[in-house]
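Right, one structure below, let's go through it.
The values are calculated or read from the model by the stated rules, or taken from the named source; none is laboratory data. Bear in mind that the values here come from a model prediction, so they are computed numbers and not experimental data. Glycine gets a Cβ as well: all are built from the backbone with ideal geometry, and neighbour counts include every protein chain shown. Side chains included, ligands, DNA and RNA excluded: accessible areas come from the protein's heavy atoms. Shrake-Rupley method; radii C 1.70, N 1.55, O 1.52, S 1.80 Å.
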Amino acid sequence: MSWEETYTIWNKQPDLAPEVREDLDKIVNDKEALEDAFYTPMEFGTAGMRGLIGAGINRMNIYTVRQATEGLARFMDTLDEETKLRGVAISYDSRHMSQEFAFEAARVLGAHGIPSFVFESLRPTPELSFTVRHLHAYAGIMITASHNPKQYNGYKIYGEDGAQMPPKESDMITNYIREVDDLFAVEVADKDALINDGTLKVIGSEVDEVYLENAKEVTIDRELVAEEGKTMKLVFTPLHGTGGMLGEKALRQAGFEDFTMVPEQAMPDPEFSTVEHPNPEFTEAFDLAIKLGKSQKADLLVAVDPDADRLGAAVRQPDGEYELLTGNQIAALMLNYILTARKKAGNLPANGALVKSIVSSEFAAKVAADFGVEAINVLTGFKFIAEQIQHFEETNEHSFMLGFEESYGYLIRPFVRDKDAIQSLVLLAEVAAFYKKQGKNLYDGLQELFEKYGYFAEKTIALTFDGIEGAQEIKDLMAKFRQELPTDFAGYKVIAAEDYQASSRQDAAGNVTAINLPRSNVLKYFLEDGTWIAVRPSGTEPKIKFYIGTQGDSEADAQAKCEKFEKAINDFIKG
């Protein structure tokens, strides 16, 4: 069926949802916009789906949400009755249509007789992960577009372990979703009727309380926090999202009292009215926090993204300015603190493990090695870190110390099985208190780690390719890297190349060995100076990402090398 035919079907629907009809009317005379909205169904991958809110099969709307949920429901219909009746936990963030999408999902599940547990109001992604485990639900749905701009929303499915649905089940659900030809024929039950008969249960503070009780485990040195937590000044911003309520309570119960939330960003706001990109990776996300921090002479600024699974931080310097830390640096600081404290207390396990993604820095791995802790690399996607945690619990092969991705996502304690900015907020505040007691700050601590383990620098370059042509451009770029295998970057020879789609590693002499990880569309190059460069398309955005990890004789030297490699990547793309 052509996109024009699909559009006609939508346009002729007599009872199209008002917000969908309004969007359709806006683009009715824009052929390019119509084609992009209707030329292909929204892609549903292992990370769920994410896209622009609007009318069309390639947009987030109640019909595509119903379609995705129908796929999940049909999959659950194949399970035994007891498993099916464990139901689905559902949460949502502060974005436009998030609550509506959450209850539409519950209505579809209800039509299949599948119970749902929907939060009364917005809650963070990590709490959804926790809730699946706490309620012993079979699955979870999180309505969020994470750190994307306000025009976006998304839909993620979680498995019974609280991690994002593993590939096998996700592929089966995707097949069921694709079988749903008529989005307008998906049956939905009446919301009030579902609530009345108990199929839809509205949940809230009772789950918050259990999550917060578990969060007490994050604090390592209660005496330190009790001593420094009263006076260490901290500024916290949830960036108009879900993290404010839980973040504030978690800080207070840990013993941190002298903190302030950025007032302009404390309340949920689907417009993200003070920031274009609600992403703690971006400097601009800290503009208001820096302004408030300077007025209070705050020691530490912390920002979490709208669904509170990512965390960024900035540290006050002697001149009153703030230095932003990278996700890799934050992970190294937290890991060093955890391992130092555990070693001091005499409870550092002999089989400790750090779990990180293949595109994250080796900085934390170097710290881990110094403590006799193994660093385990997994594919990008926190579900792969969660898989390792599950494996550790089943085999006792390792003890989990920390999991992280360079994109500002960390997990401290595994009562959650996704990255958790609430946990990270509490621990990073404790690490800051640790250095404050010594008359230092987190940046001083970072310099100490650099001096001990080497000067590491990393950079992520994200190129965006929107629309129909964009998807092809990304495919073409990945093909170019495979077909024209780079032999050097910036004058440094490539000594090995890994292709995770082919599950193979090839060295400079042409020797090929297997990679023991699931297949994924990722390329990684290792250079003679110890630098690595990786290339991968984003699984949730129309982007291709390039990752650089290098090391130098000084911080400035490492940063300069990063810039050289960035130029070399751009030259290869254009060449």
Sequence order, segment 178-185: Karplus ³J(HN,Hα) from phi using 6.51 cos²θ - 1.76 cosθ + 1.60, θ = phi - 60°, Hz rounded, Gly and Pro as x, gives 5, 6, 7, 6, 9, 5, 7, 9
Alpha carbon centroid spacing (whole Å) that separates segment 382-408 from segment 288-329:
28
Among 516-522, 299-305, how do they line up by average Cβ neighbours within 10 Å per residue, starting with the highest?
299-305, 516-522
Could you list log10 I(q)/I(0) for segment 59-131 at q = 0.21, 0.23, 0.25, 0.28 Å⁻¹, which the Debye formula gives when each Cα is one point scatterer?
-0.92, -1.06, -1.18, -1.31
Which of the pairs 459/574; 233/344; 366/459; 297/452; 84/201 have their Cα atoms more than 24 Å apart in this structure?
233/344; 297/452
Only four residue types carry charge here, +1 at the Cβ of Lys and Arg and -1 at the Cβ of Asp and Glu. Report the dipole size of the chain about the Cα centre in Debye, rounded to the nearest 20.
1120
Amide H neighbours of residue 373 at under 5 Å, excluding residues fewer than 5 places away on the same chain, with H built from the backbone geometry, are none
List the residues whose amide H sits under 5 Å from the amide H of residue 203, counting only those 5 or more places along or on another chain, with H placed 1.01 Å from N in the peptide plane.
118, 119, 120
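At 1.4 Å probe size, with the rest of the protein present, what percent of the exposed accessible area of the chain is carbon and sulfur atoms? Show your work: numbers first, answer last.
Details: 10820 of 23040 Å².
Carbon and sulfur together cover 47 percent of it.
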Looking only at GluC sites (Glu not before Pro) in DSSP loops with at most 13 other Cβ atoms within 10 Å, what is the longest site-free stretch of the chain?
1-119
Can you compute 3J(HN,Hα) from phi for each residue in segment 560-570, using the Karplus curve 6.51 cos²θ - 1.76 cosθ + 1.60 with θ = phi - 60°, rounded to whole Hz and x for Gly and Pro?
5, 5, 4, 5, 4, 5, 4, 4, 5, 5, 4
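For segment 131-242, what does the accessible surface come to per residue with a 1.4 Å probe? Please give it in Å². Could the numbers behind the result be given before it?
Numbers: 4690 Å² over 112 residues.
Computed with neighbouring chains in place, this is 42 Å² per residue.
Considering Cα pairs under 8 angstrom that are at least six residues apart, work out the relative contact order of the chain and quote it in whole percent. All intermediate terms of the calculation are to be shown ahead of the outcome.
On the way: 1155 pairs, mean separation 64.5, N = 575.
So the answer I get is 11 percent.
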Below 20 Å, Cα to Cα, which aspartates and glutamates can residue 343 reach? Residues fewer than 8 away in the same chain don't count.
217, 221, 223, 370, 374, 397, 430, 448
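Segment 224-297: which trypsin sites (Lys or Arg not before Pro) are DSSP loop and have at most 12 other beta-carbon atoms within 10 angstrom?
Values: sites: 230, 233, 249, 252, 291, 294, 297; in loops: 230, 233, 297.
Hits after loop and neighbour filter: 230, 297.
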Just want to confirm a number: the relative contact order over segment 375-426, from Cα pairs under 8 angstrom separated by 6+ residues, in percent.
28
Amide H to amide H under 5 Å from residue 503: which residues, 5+ apart in sequence or cross-chain, H placed 1.01 Å off N in plane?
520
Low-density loop positions, trypsin sites (Lys or Arg not before Pro), segment 357-458 - DSSP coil, at most 16 other Cβ in 10 Å:
440
Ranking 195, 390, 562 by how far each Cα lies towards the positive end of the charge dipole of the chain (+1 on Lys and Arg Cβ, -1 on Asp and Glu Cβ), the top one is 562
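DSSP loop trypsin sites (Lys or Arg not before Pro) in segment 1-59 with at most 16 other Cβ atoms within 10 Å of their Cβ, which ones? Write out the running numbers ahead of the final one.
Values: sites: 12, 21, 26, 31, 50, 59; in loops: 12, 59.
Within segment 1-59, the qualifying trypsin sites (Lys or Arg not before Pro) (loop, at most 16 other Cβ atoms within 10 Å) are 12.
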Could you derive backbone 3J(HN,Hα) for segment 31-40 from the dihedral phi with the Karplus parameters 6.51, -1.76 and 1.60 (θ = phi - 60°), listing whole Hz in sequence and x where the residue is Gly or Pro?
4, 5, 5, 5, 4, 5, 6, 10, 6, 8
